[in-house]
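Asks: The structure is given below, and queries will be raised subsequently.
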Amino acid sequence: MKLGSIIPAPLRKPAKPGESDAGKGAAPADLKISPPERPSDAQRLGERATEAPADVLAWVDQRTAASGLLTGMLYRKVPKGTNWFYTLGSATLFAFIVQTVTGVFLAMFYTPSATQAYASITHINNDVFLGQFVHGMHKWGSSVMVILIFLHMARTFFFGAYKYPRELNWVIGVVLLILTMTMAFTGYLLPFDQRSFWASVVGININGTGPVVGPYLSDFLRAGPEFGATTLARFYAVHMLLIPGAIIALIGAHLYLVAKLGTTAPPWLRGERPKVAAPVSQLDAGVEGDGAPPAR
Ligand code: HEM
C-alpha cells in the first residue's frame, strides 16, 4: 500500500513542481498552452468540505489552517548525517507524555492530605486495577525522564547545537531542566512515607542554604517556617499544576524554535571543507594534497 493513500490529504507532503498524483514528468500539452488558474487553498478545502461533509479533518483545517503548520513540522529538512543521538529530545518528550498520562490516573485516587496520603498510595498499589503498574511507571518514568533530559542536553552540547542562532533554545532547555528536577523533587514527598518525608526535609534545608534567595525559597517550599501538613499541599500544587503548565508552554516554545531554526548538522560533517581543485601555484610549487588550504 502506498503511504500517500493512508495519510489524510491535508497532511500529505506538498507535491514538488512537475510532480503530481497522475505521474511524474512533463506537463500535459493543453497546460502548456493556457495553464488553468490555480484554486486557492481556501477554495480547494472549501470544495472538499462541501463534497464530503463527513471529512472532519478538512472542515477543521479550513477553519484553522493547521495542516500548513503540521506539514511544516513533519516534512522539515534535516541535515545529512543525523543519527540516533538526535532522537533523545523526542525520547524526553515521550517520557514527559507518559508522566502526564500516568500522573492523571494517579491523581484520580491520590489524596494530598498528611493523614491520608500514605493510605491512598497503599490503596492504589493494593486495590486499584493496574494501580501498582501505573504507579510504578510514574515512579520509574521520573528517573527515565531525568536521565534522558541529561543525555539530550549532552548531545546538544557536544554537537555544538547551543551556538548561534540556537542560544535561546539552549536557555529554554536549561529552564526545562530545572523544572524537570523540581518535578522529581516535589513528587518525591507525595507518598508521605518516612523516606520521602525526611528526604524532603533535607532537600528543603539544602535549598535554604542558597545565597540571597535560599531562605525565601525554603519558606516557599515549606509553605511557612515549619514543615507541616500545608507543605504537602504546597508540593502537590507545584507538582501537578504549576510546573507541568510551565513545562508544556516551554516545550511548545522549544519545539517551535527547533522547527524554525532547523537541526544542527553533526560537527564532523559541518567541519568538512569543500573539495576544490588545487591552485596551479601550489602544483607548480610541488605541493601535494586535495586542494585544502595547508594545515597551520
Ligand atoms: C522537557 C525537556 C526537553 C524536551 C521535551 C526537549 C525536546 C527537544 C526535541 C524534540 C528536539 C529536536 C530533536 C533533537 O534535536 O533531539 C530538541 C532540540 C534541542 N534541544 Fe531540547 N528538549 C528538552 C530539554 C532540553 C535541554 C535541557 C536542553 C539544553 C539545556 C535542550 C536543548 C536543545 C537544543 C539546543 C536543541 C536544538 C538541537 C539542534 O539544533 O540540533 N533541550 N529538544
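The values are calculated or read from the model by the stated rules, or taken from the named source; none is laboratory data. Nothing here was measured: the structure is a model prediction, and the numbers come from that model. Cβ placement follows ideal geometry from the backbone for every residue including glycine, while neighbour counts extend to all protein chains displayed. For the accessible areas, the whole protein counts, side chains as well, though only heavy atoms, and no ligand, DNA or RNA atoms are used. Shrake-Rupley method; radii C 1.70, N 1.55, O 1.52, S 1.80 Å.
Asks: Looking at (1) within 16 Å of the ligand (Cβ to nearest atom); (2) surrounded by fewer than 16 Cβ atoms within 10 Å (Cβ to Cβ); (3) of a type in the set (A, V, I, L, M), find the lone condition where residue 148 falls short.
Replies: Single failed check for residue 148: (2).
Asks: Checking the condition more than 30 Å from residue 229 (Cβ to Cβ), modelled with pLDDT of 90 or more and open to solvent by less than 60 Å² (accessible area, probe 1.4 Å), which residue from 52, 117, 58, 95 passes?
Replies: Step by step, each of 52, 117, 58, 95 is checked, and only 95 is more than 30 Å from residue 229 (Cβ to Cβ), modelled with pLDDT of 90 or more and open to solvent by less than 60 Å² (accessible area, probe 1.4 Å).
Asks: Here's another thing I want to ask about it. Search the stretch 79-107 for residues that are among the β-branched types (Val, Ile, Thr) and pair each with any residue that is assigned to a loop (DSSP other than H, G, I, E, B) when their beta-carbon atoms are under 9 Å apart and the residues are at least 6 apart or on different chains.
Replies: 82/263; 82/265; 82/266
Asks: Only one of (1) loosely packed, with under 14 Cβ neighbours inside 10 Å; (2) under 30 Å from residue 169 (Cβ atoms); (3) at pLDDT below 95 fails for residue 263. Which number is that?
Replies: Only one criterion is unmet by residue 263, namely (1).
Asks: Quick test for you: out of 271, 252, 210, pick the one residue that is exposed (fewer than 13 other Cβ atoms within 10 Å of the Cβ) and within 30 Å of residue 110 (Cα to Cα).
Replies: After applying the criteria, what remains is 252.
Asks: For the stretch 167-189, give me each residue that is under 30 Å from residue 269 (Cβ atoms) and open to solvent by less than 40 Å² (accessible area, probe 1.4 Å).
Replies: Scanning the stretch 167-189 gives 169, 172, 173, 176, 177.
Asks: Return only the number of the condition from (1) away from the ligand (no atom under 12 Å from the Cβ); (2) open to solvent by 50 Å² or more (accessible area, probe 1.4 Å) that residue 162 does not satisfy.
Replies: The single condition residue 162 does not satisfy is (1).
Asks: Condition first: within 30 Å of residue 266 (Cα to Cα) and loosely packed, with under 15 Cβ neighbours inside 10 Å. Can you find one or more residues in the stretch 120-142 that meet it? Working first, answer last.
Replies: Step one: filter the stretch 120-142 for residues within 30 Å of residue 266 (Cα to Cα), giving 141-142.
If we keep only those that are loosely packed, with under 15 Cβ neighbours inside 10 Å as well, we get none.
The answer is no, given that none of the residues of the stretch 120-142 is within 30 Å of residue 266 (Cα to Cα) and loosely packed, with under 15 Cβ neighbours inside 10 Å.
Asks: Conditions: (1) touching a helix residue (DSSP H, G or I) at 6+ places or on another chain (Cβ under 6 Å); (2) away from the ligand (no atom under 15 Å from the Cβ). Residue 133 meets all but one. Number of the miss?
Replies: Tallying (1) touching a helix residue (DSSP H, G or I) at 6+ places or on another chain (Cβ under 6 Å); (2) away from the ligand (no atom under 15 Å from the Cβ), residue 133 fails exactly one: (1).
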